[in-house]
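The values are calculated or read from the model by the stated rules, or taken from the named source; none is laboratory data. Given the structure is predicted, the values throughout are model-derived calculations rather than measurements. A quick note on method: Cβ atoms are made from the backbone with ideal geometry, for glycine too, and the neighbour counts reach across all protein chains shown. The accessibility values were calculated without ligands, DNA or RNA, using every heavy atom of the protein model including side chains. Shrake-Rupley method; radii C 1.70, N 1.55, O 1.52, S 1.80 Å.
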Amino acid sequence: MNGTMTRTKRQPGGRPPVRHDTRRPGGTPRRTAPGQGTSRATAPGVPSATAPGVPSRPGPVPQPRPTDVFADRLVSVLSGQRPVHSMLRHTVGRAYDELAWLAERGPLRTRGTRPVVRDIGYFVPRPGAIEAFARIGAGDQLRAMAFRLECGPDHRWRCTAVELGGPRMPRTDDD
């Protein structure tokens, strides 16, 4: 073994000799501190190691429509799965009172099957306002729900009215 291994002299405090990989034309990438920059595996346009030919970053995730989000939230409240106050910041004016009045009566509470939104339709009477209806199914029952959404100055959608088939909340003098 004496003739096969050679020792190189190291300078005190210096680095050991580096082995260069000739298969890497550009050398190794410069390291960055955690949270700065991207790794080679997640850089845009670089194929993923697990799925050849597929970019590692998919395009933007499609956002659900406000009608879908509000229909699910309203059904959750009216079926007793969520408390009414969870809709406090998502409603404006009389809509919260209507929702609380409806939820108190439990119109969508069922035994066994949870109510789900089966279909949603909507009409845009003017920009920034949507009047929507939803078909709610629970087992073999089918109910209808209508609600109105308006986009506020902060660009957030809020429910301004909600109705369900059956009795309506009585109007007061100040309405």
For the range 79-153: accessible area per residue (Å², 1.4 Å): 60
Accessible heavy-atom area order of ARG143, ARG171, ARG109, ARG156, highest first, probe of 1.4 Å: ARG171, ARG109, ARG156, ARG143
Stretch gain in nm, segment HIS155-PHE123, where the contour uses 0.36 nm per residue and the Cα spacing is subtracted: 9.6 nm
Cα→Cβ-extended label distance, 7 Å offset, between GLN141 and THR113, nm: 1.0
Backbone HN-Hα couplings from phi across the range 115-122 [Karplus 6.51/-1.76/1.60, Hz, Gly and Pro as x]: x, 9, 7, 8, 8, 9, x, 8
Percent accessible area from carbon and sulfur atoms, the range 101-160, protein chains only, probe 1.4 Å: 51
Accessible area in the full protein assembly, largest first, 1.4 Å probe, for PHE133, PHE147, PHE123: PHE123, PHE133, PHE147
Ranked packing of 65-76, 81-92, most packed first, by mean Cβ within 10 Å: 65-76, 81-92
